[in-house]
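Comments concern the structure below.
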Amino acid sequence: QVQLVESGGGLVQPGGSLRLSCAASGSIFVIYDMRWYRQAPGKQRELVAGITSGSHAVYVDSVKGRFTISRDNAKNTVSLQMNSLKPEDTAVYYCNADVVIRVPGPASSHWGQGTQVTVSS
């Protein structure tokens, strides 16, 4: 099976920075797209940023210019550098990846357990 483990969450003041990391392990042949989602209390989970295996990145408008997603294909990791954090960035952040376990076979979606990010003074 596949496990995704996030790290790097915490409490930070407005304007501060945090770096989230997610490591995938287990029965992995190849990982296609990797993504970061977040879910604030009382709100739906939303896509924050995504990155292809070729490192093409996309972002939700609210984080453009502040967040940067990156990945290391050799280590099966994805990171999210978050700068100029705002209180509205407070949420549980989840890592998601499309993983091919065996060939031939389809990619399946896998999720991490989530890491809390709190932006508050």
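Ignoring ligands, DNA and RNA, please state the percent of accessible area on the range 17-66 from carbon and sulfur, probe 1.4 Å.
So the carbon and sulfur contribution to the accessible surface is 51 percent.
Just to be sure I understand: with springs between alpha-carbon atoms less than 10 Å apart, which residue in Arg19, Arg45, Arg102 has the highest mean-square fluctuation in the Gaussian network model of the chain?
Most flexible of the set in this elastic network: Arg102.
Between Val92, Val78, Val103, find the one with the highest GNM mean-square fluctuation for the chain; connect C-alpha pairs within less than 10 Å.
Val103
Starting from a Cα-only point model with no solvent, please compute log10 I(q)/I(0) by Debye for the chain at q = 0.20 1/Å.
For the chain at q = 0.20 Å⁻¹, log10 I(q)/I(0) is -1.05.
Would you mind working out the accessible area per residue for the chain, using a 1.4 Å probe, and quoting it in Å²?
52 Å²
Under 28 Å Cα-Cα from Lys75, which lysines qualify once same-chain neighbours fewer than 8 residues away are excluded?
Answer for Lys75, where 28 Å is the Cα cut-off: Lys64, listed by chain and number.
Just to check I understand the Karplus step: with θ = phi - 60° and J = 6.51 cos²θ - 1.76 cosθ + 1.60, what whole-Hz values come out for the range 81-96, glycine and proline as x?
8, 10, 10, 6, 5, 10, x, 6, 7, 4, 4, 8, 9, 10, 8, 9
The values are calculated or read from the model by the stated rules, or taken from the named source; none is laboratory data. Since this is a predicted model, take the numbers as computed values, not measurements. Quick note on the areas: whole protein, heavy atoms, side chains included, nothing else; ligands and nucleic acids left out. Shrake-Rupley method; radii C 1.70, N 1.55, O 1.52, S 1.80 Å.
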